[in-house]
Every structure is written in structure tokens, then in C-alpha cells.
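Notes follow the structure.
Computed from the coordinates by the stated procedures, all read-outs in this text should not be read as laboratory data. Keep in mind that what you see is a predicted model, and the values were worked out from it rather than measured. Glycine also receives a Cβ, built like all others from the backbone with ideal geometry; neighbour counts cover every protein chain displayed.
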Amino acid sequence: MAQRTVVVMPGDGIGQVVLPEAVRVLEAAGFEADWVSADIGWELWRSEGNPLPQRTIDLIAEHKVALFGAITSKPKEAAAAELDPALRDRGHVYYSPIVGLRQRFDLDVSIRPCVTFPGNPLNFIRRTGDGGFEEPRVNAVIFRQNTEGLYAGVEWTNPPDNVWQALDSHPRFAAFRGVPREDLAVSTRIFTRAKCRRICEEAFAYAARHGFSSVTVCEKPNVIRETSGMMLAEGRRVKQRYPDIQLWDTNIDAQMMWLTKNPEDYGVVVAGNMFGDIISDGFAGLVGGLGFAASANIGADVGVFEPTHGSAPKYAELDPSIVNPIAMILSAVMMLDWLGEGEIAGRVRGAVADVVAEGAVRTYDMLKLRGGPQAIAQGAATTTEMTDAIIAKLT
């Protein structure tokens, strides 16, 4: 069998630190690949006016699988201010390159597992009635619709005439007719039935394969009736093919409250783009935070795998690095699963679990320390030391 080629996109900030550590772990575990580097990120925006150049798109189109580190994104005005002066006033508009990748390759299924590692001092605990504490095991997998909704990018400030007229045709727009158009910003939330059905189908199929007893649609259909209502309706249709799996539905606001009451009750959760982003970060906070939050972006034949943390530029220049590489490593493990390398994936997951349970090596976040160079003197492991500890458990 020909050796695989994997496109690696470190991106910005700590992405350039943690992605090479994940590659080290994969190679130590016996995964062989040609690693092809690709350009993406903020510096490309500043120098080229495009954070996702065509050369990177071409590489992913050719090889079908990529590991991605992290991206820096800034609001509209800040992005424009950092553009090379020679490129200004030439129509360049910053758009998140990871969102661009999801839409360019129709990576419409995002999978974000949030799973307790025993021994992690950051795990959620709650008080019991007798004054003690208990640590429920969280094992939630969020299926986030990845290409539509509020992240689709269909929005305007000072909407043009045709958009204004369309909005004005709706009776509830009457409250905004007196607003000067230049003071009006509109972001649309677009759902399609096909994509709602697909994310629900993927969620139920995953639940069936992995022995989950329930799938929860987490939206807001009592208020956002059309879009959230469509997601819930498709969830109900798909559920008919899975009589042994319960369908629950929750509202996003209530769900965020219930996270800290009974998180162990939830298994597979389905949501649209924005609510999926929110709920996955909420669950991640119960299992150690973004240092443990991995994700997959899956399309028909392309997969891009990334931690859900940002670029954390304030930590990127620390030498030695103190950031936790586990989220990136677990994202690489999800890539292994997708590629059919289940045996290697299992060994790496087991190595991570062993290091966390043993507790001898912990990064600053796991020790609940303030990030900075002083963390090492306070007992925190460096990024490299954490990776070394995981590799040691593989041998």
C-alpha cells in the first residue's frame, strides 16, 4: 500500500508549536506518512491579502487529509488595519480560512468529543448532599453542522436595496424601518433540510456504532422556529430508523445550565453551527478545557482535523513552550480513526490516558497555574516534556 500523504498546516501562534508535537507522537506510534507543509493564516493575510491561498487548497484537494494547528482571526477593522498598505483599497476582505476550508470542501460534519480522562485535576466535580464531592464521567460527542447557519457568511452592514426590500417584506421588520440603513447590520442564519438531515444521520449512526443510548438535538425551536424547527424535525425523521436510541431535544440556554447539573446524562449531541460551537466549548470545560478539545471536519472525501483552541499568541513565543499539546494530539488521533488506523489510534489514546492518570507530568493548565515563563519553575511540564511522556507510554 502506498504511503499516505498528509497536509500539515501549523497556522498561527501555538499551532506552530503543537502540530509538530502531534506528528512526533504519530511517528513514534508507527504511523508512516509523507508530511507536506501548507500555508495558511494571519501572516498570509497581512502580506498577500488572502489567509487561504489557492496553493493550499490545491494540496488538500490532491491529498484529501490535513492536520491544522490554529488560526488568528480579528474583527473587520483590525484585519483591515494590519493589511500591507500596498494591498489596501483593492477589495481584499478577511474571511476565516478554517471556515473557508469547511465551505470550500463541504466539510459539513464537525465531530467534537468531550471525554473525561480519569486523574485529570481539571475534571468537573460537584457537591453531594452529604457535603462530599463526586466526579461524574463525561462522555459527550457533539455533532456540529459545520457549513451553514450564522457562520455561512451571508451578512451585510448597510444592506443594499434588494436585501432591504426583502427584509421589509416581513411584518416583523417593521420595528427596524426607522433605523438609518448605515446603522443596520444583518447576519443570516440559513439552514437547509439536506444538511440538517445529514448531520442528524451522522449523529445517529455514530451513536449506534458506539453504544450511546440517546441523541440530543440542542437548538431553540420555541423561538427560532424555522431553522431550529427544521433541525428538530429532521432529527425526528432520522430517529425512526433507530428505535433503540432515544431522541431528546433541549434548548441551548437551558442546556448550558444543565451541563453542570447532570453532564453524564448526555451522549451524542446535535446542533447547528453557532450552537454547536457553544455547546462543545461548554462540554470541553468539564473535561479539562480547550487543552483537551479535539475536533474533526468531515466531508464526502476530505477530512481536516484540528484542536478547537485558538492561536494564543501570548504563549507562542515562550521558550520553552508551556502549552498543552493534548488537544492537537487527540485531533491527530481522530485523523487516524478516519483513515482506518484504529489500532494506532487506540494506542495513542491509551498513552494519553496513562500520562494523565499517572499525574507525574502536567502542563500549566492542568496544575491550574497562570500561564507564563514562571509556570515551569512552579512545576509545570513544557510542551515537549508532555509529548515525551506520551511517547514513552507507547514503547
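How do Lys368, Lys393, Lys74, Lys195 rank when sorted from fewest to most other Cβ atoms within 10 Å of their own Cβ? Please list the in-between numbers first.
Details: Lys368 9, Lys393 16, Lys74 13, Lys195 23.
Fewest to most other Cβ atoms nearby, the residues stand as Lys368, Lys74, Lys393, Lys195.
Compute the distance in nm between two label points, each set 7 Å from the Cα along the Cα-to-Cβ direction, one at Asn158 and one at Ser96.
2.6
Taking every DSSP beta bridge that has both residues in the chain, what percent is antiparallel when rounded to the nearest 5? Could you put the intermediate results ahead of the total?
Numbers: 22 of 47 bridges.
Of those bridges, close to 45 percent are antiparallel.
Report the per residue volume, in Å³, of the convex hull enclosing the C-alpha atoms of segment 217-262.
Numbers: hull volume 2.7 nm³, N = 46.
Value for segment 217-262: 59 Å³ per residue.
Which of the listed residues, Gly178, Val138, Ile322, is farthest toward the dipole's positive end in the chain, when Lys, Arg count +1 and Asp, Glu count -1 at the beta-carbon?
Gly178
Along its three principal axes, how long is the chain when you only count alpha carbons? Whole Å, largest extent first please.
Dimensions of the chain along the principal axes of its Cα atoms: 65, 59, 50 Å.
If neighbour count is taken as other Cβ atoms inside 10 Å, put Ser311, Ser47 in order from fewest to most.
Ser47, Ser311
About the Cα centre of the chain, what is the dipole size in debye to 20, counting +1 per Lys and Arg Cβ and -1 per Asp and Glu Cβ, all else neutral? Can you show the working numbers first?
Working: 39 positive and 49 negative charges, 212 e Å.
Dipole magnitude for the chain comes out near 1020 debye.
From Cα pairs below 8 angstrom and at least 6 apart in sequence, can you work out the relative contact order of the chain, rounded to a whole percent?
After rounding, I find 22 percent.
Of the options Leu150, Ile224, Asn123, report the single residue whose Cα projects farthest towards the positive end of the charge dipole of segment 105-230 (beta-carbon charges: Lys, Arg +1; Asp, Glu -1).
Toward the positive end, the furthest listed residue is Asn123.
Find the centroid of the Cα atoms in segment 319-395 and in segment 100-131, then give the distance between the two in whole Å.
16
If neighbour count is taken as other Cβ atoms inside 10 Å, put Val115, Val141 in order from fewest to most.
Details: Val115 17, Val141 22.
Going from sparsest to densest Cβ surroundings: Val115, Val141.
What is the sum of charges, Lys and Arg at +1 and Asp and Glu at -1, for the other residues whose Cβ falls under 10 Å from the Cβ of Asp277?
So the surrounding residues net to +1.
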